[in-house]
Amino acid sequence: MEREYPDRPILAVGAVVVKDGKVLLTKRAEEPHRGLWSLPGGVVQPDEGLEAAVERELVEECGIDIAVDAVTEVVEQKIPDDQGQVRFHYVIVDYLARWRAGDLTLSKEVEDAHWVDPVDLHHYQMTGGTADLIRRLLARRGA
């Protein structure tokens, strides 16, 4: 399925990964939202479970092993082009997760990645709603 101008929404996963009280932000190297900070994640592959997809994406994008705690929110992201046509349409299942092992090693999909103290989120130009999502999920977790 084509990611640009899809004929239906594309299922994806993302993760708020926590390590020592900090959360992982990744700077996108590809569209949509190239150059903005966001949560790591990606498209679910055929015959792949959602938790397996988020674990795979974190290894592929960032080189880290995570423990998935819980589904936290489902977010729909529709991004139009300049003419108002839907250029990208994702349904993203976001998880809360914990870092288990590994050092950050970036893939070609990620321009940069940082472990960020939640009080410093305002220093990062993020995709819409990301900072609020992180704050909500951390509040639910009690972090």
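The values are calculated or read from the model by the stated rules, or taken from the named source; none is laboratory data. The shown structure was predicted, so the numbers you read here are calculated from the model rather than taken from an experiment. Cβ coordinates were reconstructed from backbone atoms using ideal geometry, including for glycine residues, and neighbour counts include every protein chain displayed.
Here are some notes:
- Among residues of region 115-143 being among the small types (Gly, Ala, Ser) and without any contact (Cβ under 8 Å) to a residue 12 or more places away in the chain, the one that is nearest to His33 (Cα to Cα) is Gly128.
- Those strands (runs of 3 or more DSSP E) lying entirely in region 11-87 with at least 2 residues crowded, with 18+ Cβ neighbours inside 10 Å and at negative phi: 22-28, 65-80
- Search result, residues across region 125-142 that are surrounded by 12 or more Cβ atoms within 10 Å (Cβ to Cβ) and either of a type in the set (Ser, Thr, Tyr) or not in a helix (DSSP H, G or I) (or both): Met126, Thr127, Gly128, Gly129, Thr130
- In region 88-124, the qualifying residues are those that are outside any loop (DSSP other than H, G, I, E, B) and hydroxyl-bearing (Ser, Thr, Tyr), and the one that is surrounded by the fewest Cβ atoms within 10 Å (Cβ to Cβ) is Tyr90.
Conditions (1) within 27 Å of Pro6 (Cβ to Cβ); (2) in contact with a Leu (Cβ under 7 Å, 6 or more places away or on another chain); (3) modelled with pLDDT under 95, marked per residue:
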position: Ile92; (1), (2), (3): yes, no, no
position: Ala101; (1), (2), (3): no, no, no
position: Asp117; (1), (2), (3): no, no, no
position: Gln125; (1), (2), (3): yes, yes, no
position: Leu133; (1), (2), (3): yes, no, yes
position: Arg140; (1), (2), (3): no, no, yes
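- Of the numbered criteria (1) modelled with pLDDT under 95; (2) in contact with a Lys or Arg (Cβ under 7 Å, 6 or more places away or on another chain); (3) of a type in the set (A, V, I, L, M), the one Val75 fails is (2).
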